[in-house]
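Structure first, then comments.
The values are calculated or read from the model by the stated rules, or taken from the named source; none is laboratory data. None of these values were measured; they are calculated from a predicted model. Positions of Cβ are backbone-derived with ideal geometry, glycine not excepted, and every protein chain shown enters the neighbour counts. Accessible surface is based on the protein model in full, side chains and every heavy atom, while ligands, DNA and RNA are left aside. Shrake-Rupley method; radii C 1.70, N 1.55, O 1.52, S 1.80 Å.
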Amino acid sequence: MYKITLYDENCWAACDGVISFFTEDLEDFQRLWFERERDDDTKARFLKSKAGEIVTDYYSHDPDLNIVQEDQNTTILTEKVFYVKNQTFTLENAYGCESKFYVKEGEIHYRWITFKDDFYRIASYSLKGDCLDDIEILWTSTINYGNQILEIDKKVDARRRPKEDFCENTTRTYCFKSMERYSDRSEWEQNAKIFMPDEMEYKILFADIVGEGG
């Protein structure tokens with residue numbers, strides 16, 4: 001498995017940080033991410049790291065922050081799938097401004113993995129009939145304001161429409177997103193046994209929809 005560590009586009013600009021994404025197919029990740037990422041310098045750093053240099057997207061040359069890393073011995077402790085149906089979530093951008101996000105139906109796929117002796121909970125999702133609030137009871141098609149890790153298929157691309165109009169729209173992550181990194185194995189194993197997503201988990205999970213200022 002590969003870990004890709006990039007600037008977190010969901011952070012307030014004056015308080016930036018990094019976030020990690022995981023994929024089993026680096027070429028597929030590169031293709032999809034390059035189609036969406038607008039900054040050529042960011043792409044160039046990715047390619048240098050992929051070629052074997054220690055290159056980070058942060059103010060450090062710590063190898064742990066190297067953009068592209070591989071672990072051929074990644075293990076999966078367990079996997080869980082959670083389903084959502086006709087649910088509305090409250091999302092927040094980096095400045096605390098709230099948006100309502102409606103999902104007609106969807107799946108959230110979690111894995112608890114090891115990567116180079118570290119312990120992670122990672123997640124991906126696939127949604128259908130999703131849309132963002134616009135004004136009162138009207139909605140707009142989903143937009144990817146944050147990290148460019150979403151594939152959005154807009155059968156209807158519009159604003160101020162009933163949410164039923166977006167029932168064929170889809171949004172999915174094309175990689176796994178790091179949700180939590182654990183300090184030790186026991187904490188990681190315990191979380192895998194008892195975990196259930198809550199309101200805060202959904203805010204973090206769907207943060208790439210509203211991003212920093214969406």
Mind listing whichever residues of the range 9-42 are open to solvent by less than 30 Å² (accessible area, probe 1.4 Å) and under 19 Å from SER60 (Cβ atoms)? GLY17, ILE19, SER20, PHE21, THR42
Based on this model, can you work out whether THR78 counts as open to solvent by 30 Å² or more (accessible area, probe 1.4 Å), in contact with a helix residue (DSSP H, G or I) (Cβ under 6 Å, 6 or more places away or on another chain) and either under 25 Å from GLY213 (Cβ atoms) or not aromatic (Phe, Trp, Tyr) (or both)? yes
Taking GLY96 and the conditions (1) without any contact (Cβ under 8 Å) to a residue 24 or more places away in the chain; (2) open to solvent by 70 Å² or more (accessible area, probe 1.4 Å); (3) part of a loop (DSSP other than H, G, I, E, B); (4) closer than 19 Å to PHE206 by Cα, which numbered condition does it fall short on, given that it satisfies the others? (2)
Which of (1) assigned to a loop (DSSP other than H, G, I, E, B); (2) open to solvent by less than 30 Å² (accessible area, probe 1.4 Å) is the odd one out, the single condition VAL84 does not satisfy? (1)
Quick one: in the range 1-38, of everything that is outside any strand (DSSP E or B) and closer than 15 Å to GLU180 by Cα, which residue is nearest to the chain's Cα centre (by Cα)? ASP8
Restricting the range 49-63 to residues that are free of Cβ contacts under 8 Å to residues at least 24 places away in the same chain and closer than 20 Å to ASN147 by Cα, the one surrounded by the fewest Cβ atoms within 10 Å (Cβ to Cβ) turns out to be TYR59
Every residue from the range 100-126 that is free of Cβ contacts under 8 Å to residues at least 12 places away in the same chain and in contact with a strand residue (DSSP E or B) (Cβ under 9 Å, 6 or more places away or on another chain): none
Condition first: touching a residue at least 24 places away in the same chain (Cβ under 8 Å), exposed (fewer than 14 other Cβ atoms within 10 Å of the Cβ) and assigned to a strand (DSSP E or B). Now tell me which residues in the range 139-189 satisfy that. ARG181
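Here are some residues: ASP39, ASP28, ASP16. Which one is within 14 Å of THR173 (Cβ to Cβ) and of a type outside the set (Lys, Arg)?
ASP28
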Out of the residues in the range 127-138 meeting the condition of being touching a strand residue (DSSP E or B) at 6+ places or on another chain (Cβ under 8 Å) and without any contact (Cβ under 8 Å) to a residue 40 or more places away in the chain, tell me which one is farthest from PHE101 (Cα to Cα). LEU138
